[in-house]
Structure formats: C-alpha cells, structure tokens
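Enquirer: The structure under discussion is supplied below as structure tokens; questions concerning it will follow.
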Amino acid sequence: MLGGAFLTMSAIIEIDRLTHIYSPGTPFQIAALDSISLDIKKGVFLAIIGSTGSGKSTLIRHFNGLLRPTSGKVRVCGIDTADKKQRRNLWRSVGLVFQQPEQQLFEETVLADVAFGPRNMGLAEAEVKERAHEALRLVGINPQEAARMSPFHLSGGMRRKAAIAGVLALKPQVLILDEPTAGLDPQGKQQLMQHVENFRRREDATIILVTHDMEEVALLAEQVAVLNQGRLVMVGPPREIFSRVEELMAIGLDLPAAARLMHQLRLLGKRIRPGVLTADEAEEVIAGLLEEALC
Amino acid sequence: MLSGISMGQYIPGDSLLHRLDPRTKIIAVLAIAVSIIIFSNWQSFLLIALLTLVALFVSRLPLAVILGSLKSLWLLLLITFLLQAFLTPGTPVIAHGPLQVSQEGIIAATGIVLRLALLILIAFLPTLTTPPIRLTAGLESIMSPLQRVGVPAHELAMMMTLALRFIPTLLQEAEIVISAQRSRGAGFTTGSPVKWAKSLLPLFVPLFAGALRRADDLAMAMECRCYRGGANRTRMSVLKLNTEDYVVICVALASLAGVIALRLI
C-alpha cells in the first residue's frame, strides 16, 4: 500500500513484505524489520530516515545481499536475494558505503585501496587503474598524489572521501550511503554530497541515502522513506513528508530548519503555503509576510 | 558466522545461581570440576551428575542455552569418543582390518565423554549466570591474598575486565569490516594458504588499527578520570557472602570430600 505510490515497471529494488529477525530462537531475538514493502525506481534519489534503531542499516544490508530476509522477498536488479549464488555477486551492481567507511581502509596507498574493488571484479589492470583514477577525481583527490599517500596519514575528511571513492570505483547501478556526512564539517558535507550527485548524473545511478540530516533530505532527495521501530511508516516526496509535522515529531524526527520555522509561524496563526523546505523558499515567504504587515 | 565465539555469554536472570556471590560460584565450580576429574566409580559419578543437574535446574537457564554450550564443543566430544573407542585394547566388538573397537574401549569412551560433558556444563555456569564485571571482581578478591607474594591481582583483574568488555565490540567491528570488504568483492575463504592469508589483510589491518585506536582512547579516558589501580582503591559494590553462599560452598566442598573418600575406599 505504501509502496504503491511509485510502483512502476522500472523498479530497480522491489521489497515485498520483508521481515528480518536477528538471532531467531535465542533469548537475544530482535525483530529489526517488520513486513516492509517498498519499490525503489531506477535513477531515483531516495532518502531513508528514522531514529536510531529504527532498522535503516538492517534494511540497506538487504539491498546488496549481506543479509537475507527472514521472510518476504527482496529483488534487486531483477535478482532474488534469497538465491545464494546470485547474492554473492550483488556487490558488483550495488555499492554500499558503510558508516565511517574510512575505518575500513587497509592498503598501503590510497590508490591501491580504491583499486581493491575493481581488481576483485576481475577487470584488466589498465581498466582497474582507469576506474580508480576516475573515482578519485570524482571525489576531488589527485590520482597521482593518491599513489603516494598512505590512508593512515590523512585527515578524517580525506580518508572518508578516499573510502567512498573505493565504492564509486565499482561503478554500481545502485549506490547506498549510510550516514556518509556524519562527523564532517559543513563544507565537507556539502562537497561530499556534490560528489555523490555528480556520480549519479554521470552514471545515471540510483542513490539511497540513510541520514539524520534533514537539510540533506530536503535539498537532495526525490523520495523519502520513513522507518519507525522496524516498520515503514511513510513514503513520499520530501515536501509531502515534511508537511506531516506531528507524525514526524511523534517518532522522534526533526524537520529541516526552514520547515521548522514555517511550522512555528503557522502555530502563531500565520497563513503559510505548505511545502516550504529550503532557506530560499523560507526567505520568500518571510518577505511576503513582512510586506503584508507593512501594508 | 562469528556468533559461535559468544558462547558462554551472560544471560540475565534472577535465579539463586544469579544471586550468588561470584566467589562462591568460582570456588564451587572449581570443587566440582576437580571432583569430575578425579572420580573413579559410578557412585561418585551419580553424585556429581545429580549435583550438576540440580545446579542447571536451579539456574533456570533456557534448555537451548544449556544444550548450546555442549553443541559448541560437540566436535571435541566426538573426537574424544572415537579416539578412546578405537585405541583402547581389549575384547574386539567390531573389527575391520587394523581398526577395531573393543568393549573396554566403548566403556572407557562413554565414561570420558560423560566426564567431559559434565565438565563443560558446569564450567559454563558461572559465565552464563554472572555479569563479566562481577566475575572478574570475584577473581580479584580470590587472588588478592597472592598480592603479598607479588602477584598484581588488581591489574590482572582489570586487564581481564577490559578484555571481556571489548570482545563484543571487536566482534561487532569485525562483522562490519567483513561486510564492508565483501561489499567490495573481498573473499575470505578461497585459495592456497598464502593467498588465504593475504585475503585476510583487508580484515585484519582495519581491525588492528581500530583496536589500537580504541586502546588509546580508553587509556586517555581512564587517565582523565584519575584511574590508579591497586592500593587503596575501593569498590562501588562490595562483595558480600550470604547464607546461601556458605550453604553452596559447603555442599560443593562436601561433594569433593565425598568423591575423594569414595576413591580412597
């Protein structure tokens, strides 16, 4: 029902009543996902939001076959992830950037680390190098320098970029990022999301972004899925989602700053058009209010 | 895939066994373990088996958990059984070329497997029913007399506490790193030994880097809170033996004495 809104022929990820239970049959049993149905259209920029422990990270681990549904079905690029053999190969088409990916760097040089993925794909050495260089340029790292840099001697932001380049080098059809900007400074955040957007445009990729940063969602996402305690509670475009203020607050989620300001103005009795999400739009609305007040 | 390492993990509860002082549990289990190793006739076997069953029953642990501790070591039990059965000389029951199973072998094998099973069941009880921190506090208290002869009891206990504390963390981190490298196509299982060792680098380099970073952070955090081990350090929760504890210790020591007596008769 919830997924019906954008159910089309070109869904690249189809999730049908997905339930996932951790350590079933033991005293530590936890139902992390509860009957989730959702279709993700090819080329879409989807944001997944929800408070800590709502099941976001568990959900995205199903998309590249790291986890298998306890019940229900997940089809990615037409492949059923319950199929063990197929699941093992999903990493080629679905790139997953984990939280704090910089902690997974291991090679002697940044270039070698970025080349790790393409090399595992069994590509020719020239192609491996080409892809690594391309991915590094995409995140703003000079490939020549990367061949001399040790990942352990870089700043946190640079390491993050290098780690993300390591996944971009796979040229995945679907790129999943789990809180990629957490802990970066504002400029670093903006740059990083710009790199992701560039990659998306160049490769026509589907982007799935897990984040707590509502500004990012407002700015970038075309669709938003809201999780709460393992259930999918809302799906829709950001303007629609962020107009359901009370529901979001009830499950511990925040609004983008502009939308929060508009909400407070509405509470003061001002009549404001729905769907204001960005600073520019808010500026327009406030200018309008001031003009009204002066007349 | 890594969940097997968490065997013997503490399971919260409110049974008599959970309430006992950790020192009681350590001493009682040691006494029973020694009895298991030295008993030599079926009377003492029955006594100890009964005691173990009562302890398991009183712990109110789920049956799955208790069987799980045996299951995690089934290979050890199987190999022990087979070695004993095949290698004990005696009247052959089944003979096939040079391989033969003797009657004495089967009896000896059954005996030793039962002994091992009891040992495993009883040895897991303290860790299953005691939070690791309390367990190490108990160990420290038991070892503290040794401090006079230069054994750094507090430091050892602290190291043990820290190691226990970080096992789940490191396991979790290992799972994340494995997942992350798999997402870039790493295989951790295939190829020749050299290739295999090399394939583990993407796992171990980040894991060690992470562990060292964590150790650094922890040392800093402890310094910040003015931690000084050893002398004059007091505890927030002081261990205290109750009537229950004395009863349990007496029962355990009495069984040990009984087993020794039965052996000597």
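The values are calculated or read from the model by the stated rules, or taken from the named source; none is laboratory data. Keep in mind it's a predicted model, so treat the numbers as computed, not measured. Cβ sites come from the backbone with ideal geometry, for glycine too, and all protein chains shown count toward neighbours. For accessibility, only protein heavy atoms count, side chains too; no ligands or nucleic acids. Shrake-Rupley method; radii C 1.70, N 1.55, O 1.52, S 1.80 Å.
Enquirer: Please identify the pairs in which a residue from the range B:121-148 that is under 21 Å from B:Met236 (Cα atoms) has its Cβ atom under 6 Å from the Cβ atom of a residue that is among the hydroxyl-bearing types (Ser, Thr, Tyr) and not in a helix (DSSP H, G or I), counting only partners at least 6 apart or on another chain.
Expert: B:Pro131/B:Tyr10
Enquirer: With free of Cβ contacts under 8 Å to residues at least 40 places away in the same chain, at negative phi, hydroxyl-bearing (Ser, Thr, Tyr) and in contact with a helix residue (DSSP H, G or I) (Cβ under 9 Å, 6 or more places away or on another chain) as the only criterion, which of B:Thr24, B:Thr80, B:Thr52 stands out?
Expert: Within the list B:Thr24, B:Thr80, B:Thr52, the selection yields B:Thr80.
Enquirer: Take B:Ile167 and tell me if it is open to solvent by less than 100 Å² (accessible area, probe 1.4 Å), in a helix (DSSP H, G or I) and within 13 Å of another protein chain (Cβ to nearest Cβ).
Expert: Here the answer is no, as B:Ile167 does not meet what is asked.
Enquirer: Could you check how many residues of the range B:38-66 are assigned to a helix (DSSP H, G or I), under 20 Å from the mean Cα position of the chain (by Cα) and not hydrophobic (A, V, I, L, M, F, W, C)?
Expert: 2
Enquirer: Also, quick follow-up: For A:Val245, which of the numbered conditions (1) more than 28 Å from A:Thr58 (Cβ to Cβ); (2) aliphatic (A, V, I, L, M); (3) open to solvent by less than 80 Å² (accessible area, probe 1.4 Å) fails to hold?
Expert: In the conditions (1) more than 28 Å from A:Thr58 (Cβ to Cβ); (2) aliphatic (A, V, I, L, M); (3) open to solvent by less than 80 Å² (accessible area, probe 1.4 Å), A:Val245 misses (1) alone.
Enquirer: Take A:Glu291 and tell me if it is over 31 Å from the mean Cα position of the chain (by Cα) and more than 19 Å from A:Val226 (Cβ to Cβ).
Expert: yes
Enquirer: Looking at this structure, is B:Pro202 under 29 Å from the mean Cα position of the chain (by Cα) and facing another protein chain (nearest Cβ under 10 Å)?
Expert: Against the criterion (under 29 Å from the mean Cα position of the chain (by Cα) and facing another protein chain (nearest Cβ under 10 Å)), B:Pro202 does not qualify.
Enquirer: Could you tell me whether B:Val177 is under 30 Å from A:Asp113 (Cα atoms), more than 14 Å from chain A (Cβ to nearest Cβ) and either assigned to a helix (DSSP H, G or I) or more than 29 Å from the chain's Cα centre (by Cα) (or both)?
Expert: no
Enquirer: Could I ask something else about it? Looking at B:Tyr227, B:Tyr246 in this structure, which one is more than 14 Å from chain A (Cβ to nearest Cβ) and either of a type in the set (Asp, Glu) or within 30 Å of B:Ala49 (Cβ to Cβ) (or both)?
Expert: B:Tyr246
Enquirer: Any chance the range A:224-242 includes a residue that's more than 21 Å from A:Asp113 (Cα to Cα), polar (S, T, N, Q) and open to solvent by 30 Å² or more (accessible area, probe 1.4 Å)?
Expert: Checked against the condition, which is being more than 21 Å from A:Asp113 (Cα to Cα), polar (S, T, N, Q) and open to solvent by 30 Å² or more (accessible area, probe 1.4 Å), the range A:224-242 yields at least one hit.
Enquirer: How about the range B:65-90: which of its residues are open to solvent by 70 Å² or more (accessible area, probe 1.4 Å) and either farther than 17 Å from B:Arg115 by Cα or within 14 Å of chain A (Cβ to nearest Cβ) (or both)?
Expert: Within the range B:65-90, B:Leu67, B:Lys71, B:Phe86, B:Leu87, B:Pro89 meet the criteria.
Enquirer: State whether the residues of the range A:96-103 include one that is over 18 Å from the mean Cα position of the chain (by Cα) and away from chain B (no Cβ under 13 Å).
Expert: Within the range A:96-103, not a single residue is over 18 Å from the mean Cα position of the chain (by Cα) and away from chain B (no Cβ under 13 Å).
Enquirer: In the range B:180-199, which residue that is open to solvent by less than 60 Å² (accessible area, probe 1.4 Å) and not in a loop (DSSP other than H, G, I, E, B) is nearest to the other protein chains (Cβ to nearest Cβ)?
Expert: Among those residues, the one meeting the criterion is B:Ala180.
Enquirer: Continuing with this model, one more query. With respect to A:Arg75, is the statement that it is modelled with pLDDT of 90 or more and open to solvent by 60 Å² or more (accessible area, probe 1.4 Å) true?
Expert: So A:Arg75 passes the test.
Enquirer: Which of the residues belonging to the range B:205-253 are loosely packed, with under 10 Cβ neighbours inside 10 Å and either within 30 Å of B:Ala28 (Cα to Cα) or among the hydroxyl-bearing types (Ser, Thr, Tyr) (or both)?
Expert: Residues satisfying the conditions are B:Ala231, B:Asn232, B:Thr234, B:Arg235, B:Met236, B:Ser237, B:Val238, B:Lys240, B:Thr243.
Enquirer: Let me ask another. Residues that are assigned to a helix (DSSP H, G or I) and either farther than 30 Å from A:Gly166 by Cα or at pLDDT below 90 (or both): does the range B:229-243 have at least one?
Expert: yes
Enquirer: Follow-up question, since we're still on this one. Taking the range B:209-241 as the region of interest, how many residues are more than 25 Å from the chain's Cα centre (by Cα) and either polar (S, T, N, Q) or on the phi > 0 side of the Ramachandran plot (or both)?
Expert: Qualifying residue count for the region: 4.
Enquirer: Test A:Asp34 against the criterion of being away from chain B (no Cβ under 14 Å) and at pLDDT 90 or above, and give yes or no.
Expert: yes
Enquirer: State whether one or more residues within the range A:143-163 are within 13 Å of the chain's Cα centre (by Cα), within 14 Å of chain B (Cβ to nearest Cβ) and outside any helix (DSSP H, G or I).
Expert: no
Enquirer: In addition: Mind listing whichever residues of the range A:12-65 are surrounded by fewer than 19 Cβ atoms within 10 Å (Cβ to Cβ) and of a type in the set (Lys, Arg)?
Expert: Passing the criteria: A:Arg17, A:Lys41, A:Lys42.
Enquirer: Go through (1) over 22 Å from A:Leu170 (Cβ atoms); (2) within 11 Å of chain A (Cβ to nearest Cβ) and name the single condition B:Leu218 misses.
Expert: For B:Leu218, the exception is condition (2).
Enquirer: Filter the range A:261-295 for residues that are in a loop (DSSP other than H, G, I, E, B) and either hydroxyl-bearing (Ser, Thr, Tyr) or open to solvent by less than 40 Å² (accessible area, probe 1.4 Å) (or both) and give the result.
Expert: Across the range A:261-295, the qualifying residues are A:Ile272, A:Gly275, A:Val276, A:Leu277, A:Thr278.
Residues are listed down the side, and each one gets a yes or a no for (1) in contact with a strand residue (DSSP E or B) (Cβ under 8 Å, 6 or more places away or on another chain); (2) hydrophobic (A, V, I, L, M, F, W, C); (3) at pLDDT 85 or above; (4) at negative phi:
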| site | (1), (2), (3), (4) |
| --- | --- |
| B:Met159 | no, yes, yes, yes |
| B:Leu170 | no, yes, yes, yes |
| B:Val177 | no, yes, yes, yes |
| B:Arg184 | no, no, yes, yes |
| B:Gly187 | no, no, no, yes |
| B:Ser192 | no, no, no, yes |
| B:Ala197 | no, yes, no, yes |
| B:Leu207 | no, yes, yes, yes |
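Enquirer: Restricting the search to the range A:120-142, which residues are within 14 Å of chain B (Cβ to nearest Cβ), without any contact (Cβ under 8 Å) to a residue 12 or more places away in the chain and within 26 Å of the chain's Cα centre (by Cα)?
Expert: Of everything in the range A:120-142, just one residue is within 14 Å of chain B (Cβ to nearest Cβ), without any contact (Cβ under 8 Å) to a residue 12 or more places away in the chain and within 26 Å of the chain's Cα centre (by Cα), namely A:Asn120.
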